[in-house]
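This report refers to the structure that appears directly beneath it.
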Amino acid sequence: DYISIVGSSTVYPFTTTVAEQFGKGGKFKTPKVESTGTGGGIKLFCNGVGPQHPDVVNASRRMNANEFATCKKNGVSAVVEVRVGYDGLTISESKRGTSFPLTRKQVYLALAKQIPDPANPTTLINNPYQTWKDVDKSLPAVKIEVLGPPPTSGTRDSFHELYMEAGCRTYPWINNLRSMDEKRFKRICHTIREDGAYVEAGENDNLIVQKLEANPKAVGIFGFSFLEENMDKLKGIPMDGVAPTYQTVSDFSYPGARPLYIYLKAAHLKAIKGMKEFALEFSNAWGPDGYLKKKGMVIAPDDVRAANAEIAKTMKPLDPSVLN
């Protein structure tokens, strides 16, 4: 008699707001929303059909082909994908921080477990860099300390793709591996160092905000909505010359811009009251005048919103051939 939702900590505040509004009508119970991280949420969602399994999963990245295959194997054969808006994956710091712009190549060199040897760029060495100045002489002599999400998080997946891969691919020989040996390419580009430079701060983005306040020399990885919500305490670090703002995220000129999704289990549509109506409530809230913009969501373009409102209305299942 109520909708069960799991998934992304980035999408969580938006879904919670929609769930509260949805429950106010009196026709349906307020959905139960849990923040489990995108990867963990999709795993729970794909575990099977029935009241013990979630009905909806929030995701700060698109479901991938392997996850869909797991869904299908467990009887979750039809999944409805709705893109609900955009977010920017930022690297931010305390307002009392050092204030230095970064490039995605510098981020990769600071955080990868192995990096190309500066003396022989086609050979990999264990990451020796301790300060940002070690990475690039133009950067300050501040210890590398980056607070970020754990492997179960969609934000971590997005960080690998939008930052680490982009920096990694500036080396032509590594870029060539992408088509020749994808496993090795991902191992080089996605493996984060484990010597304390990167600190897993859990799924709670508010906790990262608190830690940045306490330690102005550290930087943190989280969604633009959390930066916007905490502008009195934090500032976004410009990336490849572009500062994270509402405009740069919405027009995708900011390198960390990314789409946000909800996935609904088609097999539960008849048994669980209000799933379609919940998706329609989302579509009523995500426009330029909707209440999600006030919560910090970056509004998707008109054509994207129209296409996804139609999916919410018809509950047309996702074609898995579009997944990577």
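The values are calculated or read from the model by the stated rules, or taken from the named source; none is laboratory data. Remember, it's a predicted structure, so these values are computed and weren't measured experimentally. Neighbour counts run over all protein chains shown; Cβ positions are idealised from the backbone, glycine included. The protein model used for the area step is the full one, side chains on, heavy atoms only, and it has no ligands, DNA or RNA in it. Shrake-Rupley method; radii C 1.70, N 1.55, O 1.52, S 1.80 Å.
Backbone geometry of the range 316-324 corresponds, through the Karplus equation with coefficients 6.51, -1.76 and 1.60 at θ = phi - 60°, to 3J(HN,Hα) couplings of 5, x, 5, 8, x, 5, 7, 8, 9 Hz, x marking Gly and Pro. In this view, the solvent-accessible surface of D134, computed with a 1.4 Å probe and all protein chains in place, comes to about 80 Å². Among the listed pairs K113/K211; K32/K293; K113/K183; K29/K265; K24/K265, a Cα-Cα separation exceeding 20 Å is found for K113/K211; K32/K293; K24/K265.
Within the listed set G26, G274, G296, the Gaussian network model of the chain (springs between alpha-carbon atoms below 10 Å) gives the highest mean-square fluctuation for G26. Ratio of Rg to Rh for the range 79-192: 1.00 [Cα atoms; Kirkwood radius as inverse mean 1/r over pairs]. Using only the Cα atoms of the range 7-132, build the gyration tensor, take square roots of its eigenvalues as a ≥ b ≥ c, and label the shape rounded, prolate or oblate: rounded if a/c is under 1.5, else prolate if a/b is larger than b/c, else oblate. Verdict is oblate for the range 7-132.
Close amide-amide hydrogen proximity is noted between I192 and K113, each under 5 Å apart and 5 or more residues distant or on a separate chain (H modeled in the peptide plane; Pro and chain starts excluded). For the range 80-97, the Karplus equation 6.51 cos²θ - 1.76 cosθ + 1.60, evaluated at θ = phi - 60°, returns couplings of 9, 9, 10, 7, 9, x, 10, 8, x, 7, 9, 10, 10, 9, 4, 4, 8, x Hz by residue, with Gly and Pro reported as x.
Among the trypsin sites (Lys or Arg not before Pro) in the range 86-162, those located in a DSSP loop and surrounded by at most 15 other Cβ atoms within 10 Å of their own Cβ are K95, R96, K137. The antiparallel fraction among DSSP beta bridges confined to the chain stands at about 70%.
Between the helical axis of 205-214 and the longest alpha-carbon principal axis of the chain there is an angle of about 30 degrees.
Compared with the rule-of-thumb size 2.2 N^0.38 Å for a compact globular protein, the range 158-242 has a Cα radius of gyration ratio of 1.30.
Considering only A266, V298, N230, the residue lying farthest towards the positive end of the dipole of the range 228-319 is A266, judged by Cα position with unit charges set on Cβ. Averaging the Cα positions of each part gives two centres, and for the range 115-187 and the range 281-324 these lie 33 Å apart. Simple point charges give the picture: +1 on the Cβ of Lys and Arg, -1 on the Cβ of Asp and Glu, and for the range 184-273 a dipole about the Cα centre of about 540 debye. Going by the alpha-carbon gyration tensor, a ≥ b ≥ c the square roots of its eigenvalues, is the range 195-324 rounded (a/c under 1.5) or, if a/c is not under 1.5, prolate (a/b greater than b/c) versus oblate? It is prolate, given that a/c is not under 1.5 and a/b is the larger ratio.
Across the range 152-164, rounded Karplus estimates of 3J(HN,Hα) from the backbone phi angles (6.51 cos²θ - 1.76 cosθ + 1.60, θ = phi - 60°) give 6, 8, x, 5, 5, 4, 5, 4, 4, 6, 7, 10, 4 Hz, Gly and Pro being marked x. Between I42, Y163, S153, the Cα set farthest toward the positive side of the dipole of the chain (charges on each charged residue's Cβ, about the Cα centre) is that of I42.
In whole percent, how big is the carbon plus sulfur part of the accessible area of the range 258-309, probe 1.4 Å, protein atoms only? It is 52 percent, rounded to a whole number. The Rg/Rh ratio for the chain is 0.99, where Rg is the radius of gyration of the alpha carbons and Rh is the Kirkwood radius. Taking Cα pairs under 8 Å and at least six residues apart, what relative contact order does the chain come out at, in percent? Taking the mean separation of contacting Cα pairs over the length of the chain, I get 29 percent.
Against the chain, whose longest principal axis is taken from its Cα atoms, helix 275-285 shows a tilt of about 60°. In this label model, N120 and K293 are separated by 5.7 nm, measuring between points 7 Å along each Cα→Cβ vector. Normalising by residue count, the range 127-269 has a Cα convex hull of 170 Å³ per residue.
With the simple spin-label model, which puts each label point 7 Å out from Cα in the Cβ direction, the N47 to D302 separation comes to 4.4 nm. The H on the amide N of V84, modeled in the peptide plane, is under 5 Å from the matching H of L260, Y261, I262, each at least 5 residues off or on a different chain.
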